[in-house]
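A.B. asks: I have a structure I would like to understand better, so I am pasting it below and will then ask my questions one at a time.
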Amino acid sequence: MKINILTLFPEMFTPLTSSMLGRASDKGILEFNIVNIRDFSQDKHCKADDYPFGGGHGMVLMADPAFRALESVGAEKTRNIYMSPRGKILDMDLSEDIAREREITVFCGHYEGIDQRIIDAWDMQEVSIGDYILTGGELAAMVLIDTVSRMVPDVLPKEASAFDESIYSGLLEYPQYTQPRSYRGMDVPDILVSGNHKLIALWKFEQSLALTKVRRPDIFEQYVNKRSELSKDELKVLEKFLK
């Protein structure tokens, strides 16, 4: 998958060269093309923003350098995404959908926003990572790129799955423990070292149910509506939380 990233601050994307995404890039599974929008400004000072028509606070990213940057990556042939607080919230379904693309272009706004003609002319899909405001689209773009990349085949190790973890399974993740078994008076639950894989799986399921019901009751209700897909043993555990 090729990911074009158009930004005023390309240095913010250095983390893409490390960890899992960096390894996927080294293997050619992912390709990151980071483009500085300022490079396409025709102003001698590389100016890329100006005051908004109609008045208002702050500055707006201008159409011309944005159009030229988009043209440089052939964005007319890619799926174009603009990170925006007024966009569709990024969730599992949207992440999966984007991950099916061979090439995407992610546009990072800054200041008070971007000229609307950029969004309209390039048929940009506006995407938000939550109901809060950031100083720019770069951090939001990183979240989108990381989330989507994990769903691209072969990015994760073979023993891992992007769909087995936490919220993607339909529930919040159960508590995790590792060595030592006892630490400062706190012990690992006996069931986890019992060797009984069936009981361990049911314990994890019960813990996930408990956490989800308390912290994300909205997700819990959705999961309950899908209980026809559960095994008999799982149904017995679920019944404890429905009383």
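A.B. asks: Describe numerically, in nm with one decimal, the distance between label points set 7 Å from Cα along Cα→Cβ at GLU126 and at ARG23.
C.D. replies: Distance between the two pseudo-spin positions: 3.8 nm.
A.B. asks: Kindly rank 176-182, 23-29 from highest to lowest mean number of other beta carbons found within 10 Å of each residue.
C.D. replies: 23-29, 176-182
A.B. asks: Give, rounded to the nearest 20 debye, the magnitude of the charge dipole that segment 28-173 has about its Cα centre when Lys and Arg contribute +1 at Cβ and Asp and Glu contribute -1 at Cβ.
C.D. replies: 380
A.B. asks: Among bridges DSSP assigns within the chain, what percent are antiparallel (round to 5)?
C.D. replies: Approximately 20 percent, going by the DSSP bridge assignments.
A.B. asks: If I model a spin label as a point 7 Å beyond the Cα along the Cα-Cβ vector, how far apart are those points for VAL224 and VAL143 in nm?
C.D. replies: 2.8
A.B. asks: What pairs from LYS213/LYS236; LYS2/LYS88; LYS204/LYS226; LYS2/LYS204; LYS44/LYS77 go past 26 Å between their alpha carbons?
C.D. replies: LYS2/LYS204; LYS44/LYS77
A.B. asks: List the DSSP H helices in the chain whose Cα atoms stretch 20 Å or more along the helix axis and whose mean Kyte-Doolittle hydropathy is at least -1.0.
C.D. replies: 197-215
A.B. asks: Label-point separation (nm) for LEU192 and GLU103, each offset 7 Å from Cα along Cα-to-Cβ?
C.D. replies: 4.6
A.B. asks: Next question, about the same structure. Ordering MET142, MET12 by how much accessible area each has at a 1.4 Å probe, largest first, what is the list?
C.D. replies: Largest to smallest exposure gives the sequence MET12, MET142.
A.B. asks: Just to confirm the filter: which chymotrypsin sites (Phe, Trp or Tyr not before Pro) across segment 1-96 are DSSP coil and have at most 12 other Cβ within 10 angstrom of their Cβ?
C.D. replies: Answer by residue number: PHE53.
A.B. asks: Separate question: Amide H to amide H, which residues 5 or more places from ILE5 or on other chains are under 5 Å from it, using H placed in the peptide plane?
C.D. replies: ASN33, ILE34, VAL35, VAL106
A.B. asks: Okay, moving on. Mean residue ellipticity at 222 nm from the helices of the chain, using -39,500 (n - 2.57) per DSSP H segment of n ≥ 4 over the full residue count, to the nearest 500 deg cm²/dmol?
C.D. replies: -9500 deg cm²/dmol
A.B. asks: Would you kindly state how much longer the chain becomes between TYR177 and GLU31 on full extension, computed as 0.36 nm times their sequence separation minus their alpha carbon distance, in nm to one decimal?
C.D. replies: So the chain would gain 49.0 nm between TYR177 and GLU31.
A.B. asks: Could I ask something else about it? Between HIS45 and GLU112, what length comes free when the chain is fully extended (0.36 nm per residue of separation minus the Cα-Cα distance, one decimal in nm)?
C.D. replies: 22.1 nm
A.B. asks: Follow-up question, since we're still on this one. Placing +1 at every Lys and Arg Cβ and -1 at every Asp and Glu Cβ, with all other atoms neutral, what dipole size does segment 163-242 have around its Cα centre, in debye to the nearest 20?
C.D. replies: For this selection, approximately 160 debye.
A.B. asks: With all protein chains present, how much of the accessible area of the chain (probe radius 1.4 Å) comes from carbon and sulfur, to the nearest whole percent?
C.D. replies: The value for the chain is 50 percent carbon and sulfur by accessible area.
A.B. asks: Expressed in nm to one decimal, what extension gain is obtained for the pair ASP93 and LYS232 from 0.36 nm per residue of sequence separation less their Cα-Cα distance?
C.D. replies: Taking 0.36 nm per residue and subtracting the Cα distance, the gain is 47.2 nm.
The values are calculated or read from the model by the stated rules, or taken from the named source; none is laboratory data. Here the structure is a predicted model, which is why all the values come from computation and not from measurement. In this analysis, Cβ positions are derived from the backbone assuming ideal geometry, glycine residues included, and neighbour counts consider all displayed protein chains. Heads up: the accessible areas ignore ligands, DNA and RNA and are worked out on the full protein's heavy atoms, side chains in. Shrake-Rupley method; radii C 1.70, N 1.55, O 1.52, S 1.80 Å.
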